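Student: Can you read through this structure? Questions will come right after.
All of the numbers you see were taken from the coordinates with simple rules; none came from a lab. Since the model is a prediction, treat every value here as computed from it, not as a measurement. Every residue, glycine among them, receives a Cβ derived from its backbone with ideal geometry; neighbour counts consider all protein chains shown.
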Amino acid sequence: MNKPIAIKWFPPSWVQLKIGDRIIYIDPAYLKTNFVHYPKRIEYSSWPDPIDGLPEELESADIILITHHHKDHCKRLTVRRLMNSKTKVFATKHCKKELGKHFTIVRSGIEIDMDDINLKTIAAYNQKQDRRTKLMHTQGTGVGYVISGNSKRIYHAGDTDLIPEMKQINHVDVAFLPIGGGGFTMDIHEAVEAAKQIKPKVIVPIHRFKSDTKRYKQLVENETSVRVKILDIGETLYA
């Protein structure tokens, strides 16, 4: 019998997955402001030097996945801190300025097989709507990931609105959906619609900011059979 997948969340959208013997990180980026009150934080250097840290002692990665180039999702120092000589890094082409050359460029709509892990990339973007004066995530600059392993499917949406491509996603055990709104991603109401479309077993809200996570949980669980788990920083969820 396969072991359950162990999941940790760190703000805003940083996720650690332990799938069998594999350690996978999605959007690891240590920003001091996100961990001011987290007692386990480790800072190797601080301002005026580049801020290099980890939220806690973390294992080195087998795979690192980056959804897009914004600094709270893509940070060279954090990626290097989590790498070893065998780590495989996947990111969009706009991450090249931050990460350099040593990663595999991905775009939406591709599939990658790595022994017992399968990756599929999904579009992630903002749509033109009246509530914005500027699109923060234009189509083609970011991706989400569907990660399959240990007979489980995990979806990390990245920074995105509710988009038509989500209708292609199914049979998901855990979905990481942004709910923070504010012109950057889906708000809680759009993320409820995403829950209805994707129908995962469990949703973990990410990119939360000041959104009402309890209200989101109430709406989803009242209107669907999906369970919402609101993780504290560093809390482990088994799926």
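Student: Segment 53-87 to segment 196-239: how many Å between their Cα centroids?
Tutor: Each part reduced to its Cα centre gives a spacing of 24 Å.
Student: For the residues Thr87, Thr138, Thr160, what sequence is obtained by ranking on other C-beta atoms within 10 Å, fewest first?
Tutor: Numbers: Thr87 18, Thr138 12, Thr160 28.
With the sparsest Cβ surroundings first, the list reads Thr138, Thr87, Thr160.
Student: Additional query: Pull up the DSSP beta bridges for the chain and report the antiparallel fraction as a percent, rounded to 5. List each step's numbers first, then the result.
Tutor: Details: 32 of 50 bridges.
Taking every DSSP beta bridge with both residues in the chain, the antiparallel ones total about 65 percent.
Student: Given the pairs Lys93/Lys196; Lys71/Lys199; Lys71/Lys101; Lys40/Lys93; Lys3/Lys97, which span a C-alpha to C-alpha distance of over 28 angstrom in this model?
Tutor: Working: Lys93/Lys196 31 Å; Lys71/Lys199 30 Å; Lys71/Lys101 17 Å; Lys40/Lys93 33 Å; Lys3/Lys97 38 Å.
From Lys93/Lys196; Lys71/Lys199; Lys71/Lys101; Lys40/Lys93; Lys3/Lys97, over 28 Å: Lys93/Lys196; Lys71/Lys199; Lys40/Lys93; Lys3/Lys97.
Student: Then there's this: Using a Gaussian network for the chain with springs between C-alpha atoms less than 10 Å apart, which of these wobbles most: His70, His171, His137?
Tutor: In this elastic network of the chain, the residue with the biggest mean-square fluctuation among His70, His171, His137 is His171.
Student: Then there's this: What ranking, highest mean first, results for peptides 176-184, 54-62, 116-124 when packing means the other Cβ atoms within 10 Å averaged over each residue? Don't skip to the end; give the middle numbers.
Tutor: Values: 176-184: 22.6, 54-62: 16.4, 116-124: 19.6.
Descending packing order for the listed peptides: 176-184, 116-124, 54-62.
Student: Also, I was wondering about something else. Along each principal axis of its Cα atoms, how long is segment 6-238 end to end? Whole angstroms, biggest number first, please.
Tutor: 45, 39, 34
Student: Quick one: compute the contact order of the chain, relative version, from alpha carbon pairs under 8 angstrom and 6+ residues apart, as a percent.
Tutor: Once normalised by length, the contact order is 16 percent.
Student: If you average 1/r across every pair of different Cα atoms in segment 143-235 and take the reciprocal, what Kirkwood value do you get, in Å? Each step should come with its number before you reach the end.
Tutor: Working: mean 1/r = 0.0770 Å⁻¹.
Here the Kirkwood hydrodynamic radius works out to 13.0 Å.
Student: Turning to a different aspect of this structure: Projecting each Cα onto the charge dipole of segment 41-103 (Lys/Arg +1, Asp/Glu -1 at the beta carbon, about the Cα centre), which of Leu58, Phe103, Met83 comes out farthest on the positive side?
Tutor: Of the options given, the answer is Phe103.
Student: Express the Stokes-Einstein translational diffusion coefficient of segment 1-94 in µm² s⁻¹, to the nearest whole number, given a Kirkwood radius over alpha-carbon pairs, 20 °C and a viscosity of 1.002 mPa s. Walk me through the numbers on the way to the answer.
Tutor: Numbers: Rh = 13.7 Å.
Estimated diffusion coefficient is 157 µm²/s.
Student: So how strong a dipole does the chain carry about its Cα centre when Lys and Arg Cβ are +1 and Asp and Glu Cβ are -1, to the nearest 20 debye? Spell out each step's value before the answer.
Tutor: Details: 37 positive and 28 negative charges, 61 e Å.
In debye, rounded to 20, the chain gives about 300.
Student: Lys and Arg at +1, Asp and Glu at -1: add these up for the other residues within a Cβ distance under 9 Å of Lys32 and post the number. Before the final figure, lay out each step's value.
Tutor: Details: positive: Arg41; negative: Glu43.
In short, 0.
Student: Once Lys and Arg get +1 and Asp and Glu get -1 on their Cβ, which of Gln139, Pro178, Asn2 lies farthest toward the positive end of the dipole of the chain?
Tutor: The residue sitting most towards the positive pole is Gln139.
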